[in-house]
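Written out below as structure tokens is the structure these notes cover.
We did not get these values from a lab; they are worked out from the coordinates using the rules stated. Not measured: the values here are computed from a predicted model. Neighbour counts run over all protein chains shown; Cβ positions are idealised from the backbone, glycine included.
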């Protein structure tokens, strides 16, 4: 009997789009293997009226998936890598897909442009985004923003905000663009530093499931996996969590690695080193940021 790979995913449109990207790649590489989406609800989905730091941090989107994996209810779980906390014992990241657009975007309604010194209300609950947007619009007020992408855009349309900050990758994966009645201001990722692993889709599985790991190895993007590991390792060296403002973005150029990052009040730091000196690069960068 052919084995069915059960794919755990949240129910939001973006989560489903990302899970279907993974499902499509598996089906294309292994047409004889069946796949099935298993829709799940996390604590983070249930509690949307409080900031993440009050609910329990990034891990509120992950715990239910890891429990299901460990109990055999699902074989893989598809995550936005920036939401991942520590990986539970017995589990591993079997693959990551090619990184999408890592930029952050200021979304306003069509024809609406926020001026530098305007007293605008900008929607974001991210400490990383708050720290950086206030450098660009010093007179703005940041107002908390939770919910899926569609919910956030509805709040913008309802006039609750003058603008909201979203991830470019999420908008692109949902097919949302300026022709839908919006204005997009893209921030350069070297000046408005993304969250660690932003725009990376990570696929989690059981560490001892060699069958599934073998499948995932065939859809893994090695360059993105290196960035995934670099950015998570620097977060670990900093001891940073969702209660603090931190941005990390790595670029792999041949045998060279460039890291752009900030942590709390460090200001943006940028360092480059060969791959062979990655360990020293990470330690040096962590020391400069602390």
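Quick look at the values:
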{"item": "When segment 80-141 is reduced to its Cα atoms, the Kirkwood hydrodynamic radius in Å", "result": "14.9"}
{"item": "For segment 135-290: rounded, prolate or oblate by the Cα gyration tensor [a/c cutoff 1.5]", "result": "oblate"}
{"item": "Cβ-based exposure ranking for 110, 288, in which fewest neighbours within 10 Å come first", "result": "110, 288"}
{"item": "Fully extended contour minus Cα-Cα distance, from residue 283 to residue 179, at 0.36 nm per residue", "result": "33.0 nm"}
{"item": "Gain in span if fully extended, residue 255 to residue 269, counting 0.36 nm per residue against the direct Cα distance", "result": "3.0 nm"}
{"item": "For 166, 16, order by how many other beta-carbon atoms lie within 10 Å, fewest first", "result": "16, 166"}
{"item": "Residue 71 paired with residue 222, simple spin-label distance in nm, labels 7 Å along Cα-to-beta-carbon", "result": "3.9"}
{"item": "Per-residue Cβ neighbour rank within 10 angstrom, fewest leading, 157, 229", "result": "157, 229"}
{"item": "Whether the chain is rounded, prolate or oblate, judged on the alpha carbon gyration tensor where a/c under 1.5 counts as rounded", "result": "oblate"}
{"item": "Between 0 and 90°, nearest 10: helix 13-29 axis offset from the chain longest Cα axis", "result": "40"}
{"item": "Mean separation of Cα contacts under 8 Å, 6 or more apart, over the residue count of segment 104-186: relative contact order %", "result": "48"}
{"item": "Segment 105-159 shape via C-alpha gyration tensor axes, a/c threshold 1.5", "result": "oblate"}
{"item": "Label-point gap, in nm, between residue 158 and residue 186 - each point 7 angstrom along Cα→Cβ", "result": "3.1"}
